[in-house]
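**Student:** For reference, the structure I am asking about is given below.
The values are calculated or read from the model by the stated rules, or taken from the named source; none is laboratory data. These figures come from a predicted structure and were not determined experimentally. Here the Cβ is made from the backbone with ideal geometry for all residues, glycine too, and neighbour counts use every protein chain on show. Side chains included, ligands, DNA and RNA excluded: accessible areas come from the protein's heavy atoms. Shrake-Rupley method; radii C 1.70, N 1.55, O 1.52, S 1.80 Å.
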Amino acid sequence: MHRTIPTLARYDLTLMVSSHAPMGDVQTSIKKLATRFLKNEGVIYDIANRGELNLAYPIRKYGKLHNMARYFVFDMEANPTMMKQLMDDIRLDERVIRFMALRNRDTRPVHRKNPNKDRKLPMT
């Protein structure tokens, strides 16, 4: 018997991570986030590290002034409930300065059977 998961929608998630945080800590946080997402039967197609870029304006967050940030872009599929849980987890991470999740309108929601069977986590 196959277990089906609810309707999935495609999302782009952009994270702006503090440039003050050591890269090892950032990679660990992203790996934890992705692992938790995959365990909840989400699908990650790509994690792109866009590098460290200057911000258009300084952002004060958690008592620090940020002029630069590391950008990460996730291409993923999830159900809306799972995305809400993921956003709550990201909101609590002090390394994340800003984040935005956009639902892709050009893709239709799909029903899948266990999409992460034997799938390995992509490296950042």
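**Student:** For segment 55-62, indicate whether the set of residues that are part of a strand (DSSP E or B), at negative phi, at pLDDT 90 or above and within 13 Å of the chain's Cα centre (by Cα) is non-empty.
**Tutor:** There is no residue in segment 55-62 that is part of a strand (DSSP E or B), at negative phi, at pLDDT 90 or above and within 13 Å of the chain's Cα centre (by Cα).
**Student:** So for segment 75-83 (the condition being open to solvent by 100 Å² or more (accessible area, probe 1.4 Å), at pLDDT below 90 and out of contact with any His (no Cβ under 9 Å at 6 or more places or on another chain)), does at least one residue qualify?
**Tutor:** no
**Student:** Scan (1) at pLDDT below 90; (2) among the hydrophobic types (A, V, I, L, M, F, W, C); (3) more than 19 Å from Q85 (Cα to Cα); (4) buried (at least 19 other Cβ atoms within 10 Å of the Cβ) for the single condition M1 breaks and write down its number.
**Tutor:** With (1) at pLDDT below 90; (2) among the hydrophobic types (A, V, I, L, M, F, W, C); (3) more than 19 Å from Q85 (Cα to Cα); (4) buried (at least 19 other Cβ atoms within 10 Å of the Cβ) applied to M1, the lone miss is (4).
Okay, residues lined up against (1) in contact (Cβ under 8 Å) with a residue 12 or more places away in the chain; (2) closer than 23 Å to R103 by Cα; (3) of a type in the set (G, A, S); (4) in contact with a helix residue (DSSP H, G or I) (Cβ under 6 Å, 6 or more places away or on another chain):
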residue: A9; (1), (2), (3), (4): yes, yes, yes, no
residue: V17; (1), (2), (3), (4): yes, yes, no, yes
residue: K32; (1), (2), (3), (4): no, yes, no, no
residue: L38; (1), (2), (3), (4): yes, yes, no, no
residue: R50; (1), (2), (3), (4): yes, yes, no, no
residue: L55; (1), (2), (3), (4): yes, no, no, no
residue: K61; (1), (2), (3), (4): yes, no, no, no
residue: P80; (1), (2), (3), (4): yes, yes, no, no
residue: M83; (1), (2), (3), (4): yes, yes, no, no
